[in-house]
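Trainee: Let me give you the structure first, and then I'll get to my questions.
The values are calculated or read from the model by the stated rules, or taken from the named source; none is laboratory data. As the structure is a computational prediction, the values presented were derived from the model and not from experiment. We place every Cβ from the backbone using ideal geometry, glycine too, and count neighbours over all the protein chains shown. Accessible surface is based on the protein model in full, side chains and every heavy atom, while ligands, DNA and RNA are left aside. Shrake-Rupley method; radii C 1.70, N 1.55, O 1.52, S 1.80 Å.
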Protein chains: 2
Amino acid sequence: MRLVLPPGVSETVFQKALQALAGVVGKQWVLATDEDRETFMDFYAAGDADLHVPSAAVGPQSLEEVQAIVRIANEYKVPLWPISRGKNLGYGAAAPCMSGTVVLDLARMNRILDVNERFGYCLLEPGVGFFDLFHYLQANKIKLWMSIPANAWGSVVGNALERGYGYTPYGENTRNICGLEVVLPNGELVRTGNGAMSNSVSWQLFKYGYGPSWDQLFCQSNFGIVTKMGMWLMPEPEATLGLNIQLPNPDDVGWAIDELAPLRMRGVIEQSPSIGNSLRFVASATQRSQWYQGDGALPDDVLLEILKKNNLGWWTVNLRLYGYDEVNEVHARIIREAFRKHVKQEIETVKWHRGDSIENSGAGVPATNALQIINWRGGRGGHIGFSPVLPAASEHVLKQFHSTKKRYEEIGVDYYGSFTLFERYTTNVNMMVYDRDDQEMTSKVRALFKVLIADAAREGYSEYRTHISYMDDVALTFDFNHHSLLRLNEAVKEALDPNGILAPGKQGVWPRARRPARA
Amino acid sequence: MRLVLPPGVSETVFQKALQALAGVVGKQWVLATDEDRETFMDFYAAGDADLHVPSAAVGPQSLEEVQAIVRIANEYKVPLWPISRGKNLGYGAAAPCMSGTVVLDLARMNRILDVNERFGYCLLEPGVGFFDLFHYLQANKIKLWMSIPANAWGSVVGNALERGYGYTPYGENTRNICGLEVVLPNGELVRTGNGAMSNSVSWQLFKYGYGPSWDQLFCQSNFGIVTKMGMWLMPEPEATLGLNIQLPNPDDVGWAIDELAPLRMRGVIEQSPSIGNSLRFVASATQRSQWYQGDGALPDDVLLEILKKNNLGWWTVNLRLYGYDEVNEVHARIIREAFRKHVKQEIETVKWHRGDSIENSGAGVPATNALQIINWRGGRGGHIGFSPVLPAASEHVLKQFHSTKKRYEEIGVDYYGSFTLFERYTTNVNMMVYDRDDQEMTSKVRALFKVLIADAAREGYSEYRTHISYMDDVALTFDFNHHSLLRLNEAVKEALDPNGILAPGKQGVWPRARRPARA
């Protein structure tokens, strides 16, 4: 594997920089062999991993080491790509946007610094994984619940900063952030919110602080390196009540959204119901070749046959109520009435009470089995996620669903989409699953991705998050006043990071010094 | 009244600037007589209105006029202090932090641009008052509820940007912000969140947008002038159930907070209960001299006598449940049980069902009668608010209550405080009511304010908001890493506003060009 140097940095200077970094973290935590670099590439990439090749990785274990690394990066003009645990799967994993960037791997900074049961919060370093925090809470019998994404391999901090989400009433993880500690691109240390008062007793209690509030400026951002994050956790409820509903027809997603959206906005449902195509359950448990050997996307009749054999509708709705049992029953009655207008099938009800096993509670119990879908196509599987945000309304959901499904079929990829319903919007995560070694397929996927961005933008749909290969493409769809918000971001970037050392290109924000690398 | 020019601006240049402004808005909307200036001063000030004297005011009626004004301000280096409606009472009203600043009065930009009942939001210009929006919703029979502050004379936008709050489940108005249009200090126009996509269909639905999210950076901020604000409104619930509880003793506020805090965090109570000293009801309806003619603060025995005559406890708790009647009843039972452990008095219950008069619903119905308290002391009344943020815990609440009450008594002012309980913190708004013409009293109040800031900072309590005279004092209590967050704010300020034209000194953030004016 060819070493790709940071733009404008000679091999000699680069080696000096690595030596200086080794002086900070120790030789064993500067990873610069070909094998090391391979480790930090996007191992799910659709044939374009070589656009995002790290030059090395460095693994600090403390705040002071992070600050020292940042100072060295400025001195040698070596760019850094901070990752928490590097499990940003489907969006680029650990790989940097710009080739030649050094990955700043924060996985060794994995302390759980505080968990407060009375006030429902934790304070974490970026290396803490969902499994780590879960085991900590369980081992210490702390009655606080997490909200975890479908694949929970990654970092709690990384997920919240990238605006990932889970499925409890605390589902928007970014909204649970309460106070950050951040190393700025010049090495300066700040604490946001009330953490800016050194003896504050409410850093993790009050989100806003005094004056402009910064937490969300460090999300999907290259303005700073988050070294500590406060996060609200949900107190264990008295009971939960889950409802799982099969919707027989593709277009049922329309009325389902229209029935659920007002219940979600009114707080009858406080978590985010998910409506996913039921094929995903089959795709996680089996391989495609067991069902179908033909070319192209799975034909509709074959799909229906598969679903029938597995007792599944076209879509599966999963939702859950959290609180006192009596209250959940009232709300469940209202939800059942809404669905009874449209479907006759039995609605599966799952009840949990405090003291029962946590497995079926609706608490965020980390798992990784959602990842098994990448085996669906055979070969060395990979996936990429296209994730637009839509109004929680049938007219938008149906339009987007039909348009995307048609696009998938055009290139012979099976449709795999889910809608997760928040208070007023829905995300629509579309997975494309492919055999990474099938070059024809991956090149079609890459082309499709750009088409999907353009299709969505034409309808006024943005993406809530995107893969590193498409950060500029998505940024360009934010076109109000000739991309004035991007210019604002770049003005702030320039002020905070004149050497352009931090995560060039992240979410389309390029420091001036690195703009030649912009696609 | 002496004209106070902007620092570094000669009278000739200033007059030229005013002429240029008149060319934009018309002569009648450049207000620069002595009487005009008087209008924009802090008319409740505790004897220090002369520290915040505007040089003029200018009243645009459109976005384009705001942009033109900003360009003129940059050309002539004339600073601007944007106000929405100027009713920031107790915190400086319409007056600028730095004397000589021109008030940019946005009250004429008062269009309600959009109200969407299905998705529960509105899009407002800054001049829209709480009464305006309320009447619009009523007149159009739109079943969305507002959350209004105790005194609702002001602007909806201004209140949210200053992080004011109301008492419905949508009480933290700043949290309801979803998408801003902002004129930057260089005249550039941005839209935040999904508004950065020109044809977005979810500007008011999805808060975060793509990349760093800016809404909270424009709150309590001098980084831009908000010309449009999206805000979520609450769908009218099926029913509400209010509980009003009298607590007989001063220290009861401790256990009340400890009983309520977990119920608030768990969502049994979704709005923010208020616990205020009951004297405020008496102080709003009568004058002090009717009850007591002596010197100093109201003695405890006199206070008890007054409360007894009015059938009031020392504190009054007001809280309310919103949702289905059956659900409210379950939650009310739990709350009543919590209070029955401590008090035997009857708990007043107020029920409302859809279709009943909105007056007793718990909807945000705007009113201004809370302002009547300024007549309590006699003379030309005024008030100032000291508003720390505390953990929602008795040990903090009791400490802060006793400490503040003692300080009030030391200078002979009657204690007037309330605690409003949010998910994990409580605000503690302390009003000081005075006769503005009693110089001895107002000078004591000013001295007390600094003592209260210092007392609070010693305990790790910050302020959620403060009066323009104390913005620097409060900023200095945010001392982590030698005030590094303030330095970050000032770095961004410098990048966005090199001429220092926008609201110098707001929340302690000074542009470099204006730092000589810092106290």
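Trainee: Distance from the Cα centre of region B:84-100 to that of region A:283-332, in angstrom?
Mentor: Here the answer is 58 Å between Cα centres.
Trainee: Now a separate question. Treating only the Cβ of Lys, Arg, Asp and Glu as charged (+1, +1, -1, -1), what charge dipole size does region A:472-517 show about its Cα centre? Round to the nearest 20 debye.
Mentor: The dipole of region A:472-517 has a size of about 160 debye.
Trainee: Using a 1.4 Å probe on the protein heavy atoms, what percent of the accessible area of the protein assembly as shown belongs to carbon and sulfur?
Mentor: The C+S portion of the solvent-accessible surface of the protein assembly as shown is 49 percent.
Trainee: Determine the relative contact order of region A:112-235: mean sequence separation of Cα pairs under 8 Å and six or more apart, normalised by residue count, in whole percent.
Mentor: Normalised by residue count, the contact order of region A:112-235 is 30 percent.
Trainee: Contact order normalised by length for chain B, with contacts defined as Cα pairs under 8 Å and 6 or more residues apart; what percent is it?
Mentor: Contact order relative to length: 16 percent.
Trainee: Over all residues in B:181-190, what is the mean tally of Cβ atoms on other chains that come within 10 Å of each residue's Cβ?
Mentor: 3
Trainee: For the charge dipole of chain A, defined by +1 on Lys and Arg C-beta atoms and -1 on Asp and Glu C-beta atoms about the Cα centroid, which residue among A:220, A:485, A:334 has the Cα displaced farthest towards the positive pole?
Mentor: A:485
Trainee: Rounded to the nearest Å, what's the spacing between the alpha carbon centres of region B:240-268 and region B:406-462? Just the number, please.
Mentor: Between the Cα centre of region B:240-268 and that of region B:406-462, the gap is 23 Å.
Trainee: Mind jotting down a quarter of the surface of the convex hull over the alpha carbons of the protein assembly as shown, in square nanometres, one decimal?
Mentor: Over every viewing direction, the Cα hull of the protein assembly as shown projects on average to 40.1 nm².
Trainee: Taking a label point 7 Å out from Cα toward Cβ, give me the nm distances from residue A:51 to the same spot in the other copies, shortest first, one decimal.
Mentor: When each copy's label point is compared with this one, the spacings are 5.6 nm.
Trainee: Need the list of lysines near residue A:87 for cross-linking: C-alpha distance under 28 angstrom, and skip anything on the same chain fewer than eight residues off.
Mentor: Residue A:87 reaches A:27, A:77, A:141, A:143, A:207, A:228, A:405, A:444, A:450, A:493, A:506, B:207.
Trainee: Separate question: Indicate the gyration tensor shape class of region B:51-106 (rounded, prolate or oblate), computed on the Cα atoms with a ≥ b ≥ c the square roots of the eigenvalues: a/c under 1.5 is rounded; otherwise a/b larger than b/c is prolate and the rest oblate.
Mentor: Since a/c reaches 1.5 but b/c is at least a/b, the shape of region B:51-106 is classed as oblate.
Trainee: While we're here: In region B:353-498, if every C-alpha pair distance is counted and binned at 5 Å from zero, what percent goes to each bin?
Mentor: The calculated distribution, bin by bin, is 2, 8, 15, 16, 16, 14, 11, 9, 5, 2, 1, 0.
Trainee: Report the Rg/Rh value for region A:184-240, based on alpha-carbon coordinates and the Kirkwood definition of Rh.
Mentor: Ratio value, two decimals: 1.07.
Trainee: For region B:239-471, calculate the relative contact order in percent as a whole number, restricting contacts to Cα pairs under 8 Å that are 6 or more residues apart.
Mentor: 30
Trainee: Mean shadow of region A:438-519, computed from the convex hull of its alpha carbons, in nm²?
Mentor: Reported value for the Cα convex hull: 6.3 nm².
Trainee: Counting only Cβ atoms, what residue of chain A lies nearest to the axis that sends chain A onto chain B, and how many whole Å off?
Mentor: Reported as residue, whole Å: A:495, 2.
Trainee: Using a/c under 1.5 as the rounded threshold, could you call region B:311-420 rounded, prolate or oblate? The axes a ≥ b ≥ c are square roots of the C-alpha gyration tensor eigenvalues, and prolate needs a/b larger than b/c, oblate otherwise.
Mentor: The shape class here is oblate.
Trainee: Might you report the magnitude of the Cβ-based charge dipole of chain A about its Cα centre, with Lys and Arg at +1 and Asp and Glu at -1, to the nearest 20 debye?
Mentor: Roughly 560 debye for chain A.
Trainee: Treating the Cα atoms of region A:290-356 as identical point scatterers in vacuum, please give the log10 of the normalised Debye intensity I(q)/I(0) at q = 0.22 Å⁻¹, two decimals.
Mentor: -0.99
Trainee: Evaluate Rg over Rh across region B:190-287, taking Cα atoms for both radii and Kirkwood's formula for Rh.
Mentor: 1.13
Trainee: Quick one: dipole size for the protein assembly as shown, taken about the Cα centre, charges +1 on Lys/Arg Cβ and -1 on Asp/Glu Cβ, in debye to the nearest 20.
Mentor: Magnitude of the dipole: close to 600 debye.
Trainee: Classify region A:239-471 as rounded, prolate or oblate from the Cα gyration tensor: take a ≥ b ≥ c as the square roots of its eigenvalues, call it rounded if a/c is under 1.5, otherwise prolate when a/b beats b/c and oblate if not.
Mentor: Judged from the Cα gyration tensor, region A:239-471 comes out prolate (a/c at least 1.5, a/b above b/c).
Trainee: Could you state the per residue volume, in Å³, of the convex hull enclosing the Cα atoms of region B:112-235?
Mentor: Looking at region B:112-235, the number lands at 100 Å³ per residue.
Trainee: For region B:320-397, which GluC sites (Glu not before Pro) are in a loop by DSSP, counting at most 16 other Cβ atoms within 10 Å?
Mentor: Those that pass, being in a loop and sparsely packed, are B:346.
Trainee: Can you pull out the buried accessible area for chains A and B, both sides counted, probe 1.4 Å, rounded to the nearest 100 Å²?
Mentor: Result for this pair: about 8300 Å² buried.
Trainee: I would also like to ask the following. Report the dimensions of region B:11-105 along its three principal axes from the alpha-carbon atoms, largest first, rounded to Å.
Mentor: 36, 28, 21
Trainee: What share of the DSSP beta bridges in chain A is antiparallel, in percent to the nearest 5?
Mentor: Around 90 percent antiparallel, to the nearest 5.
Trainee: Separate question: Translational D (Stokes-Einstein, µm²/s) of region B:252-304 at 4 °C and 1.567 mPa s when Rh comes from the Kirkwood sum over C-alpha pairs?
Mentor: Result for D is 94 µm²/s.
Trainee: Residues of region B:79-128 losing 40 Å² or more of accessible area relative to the isolated chain, 1.4 Å probe, heavy atoms only?
Mentor: B:118, B:119
Trainee: With a 1.4 Å probe and every protein chain left in place, work out the accessible area per residue of chain A in Å², rounded to a whole number.
Mentor: 34
Trainee: Average the reciprocal distances over every distinct pair of alpha-carbons in region B:95-153, invert the result, and give the Kirkwood radius in Å.
Mentor: 13.2
Trainee: Based solely on its DSSP helices, what 222 nm [θ] is calculated for chain A when runs of n ≥ 4 H residues each add -39,500 (n - 2.57) and the sum is averaged over all residues, nearest 500 deg cm²/dmol?
Mentor: For chain A, the value works out to -9500 deg cm²/dmol.
Trainee: Now a separate question. For region A:41-54, just list the computed ³J(HN,Hα) in residue order, Karplus coefficients 6.51, -1.76 and 1.60, θ = phi - 60°, integers in Hz, with x standing in for Gly and Pro.
Mentor: Using θ = phi - 60°, the values come out as 7, 7, 7, 9, 4, 8, x, 10, 4, 6, 7, 9, 9, x Hz.
Trainee: In addition: Calculate the length of the line joining the C-alpha centroid of region A:150-191 to that of region B:118-133, in whole Å.
Mentor: 31
Trainee: If I take all pairs of Cα atoms in chain B, what percentage of them are more than 43 Å from each other?
Mentor: That tail contains 16 percent of the Cα-Cα pairs.
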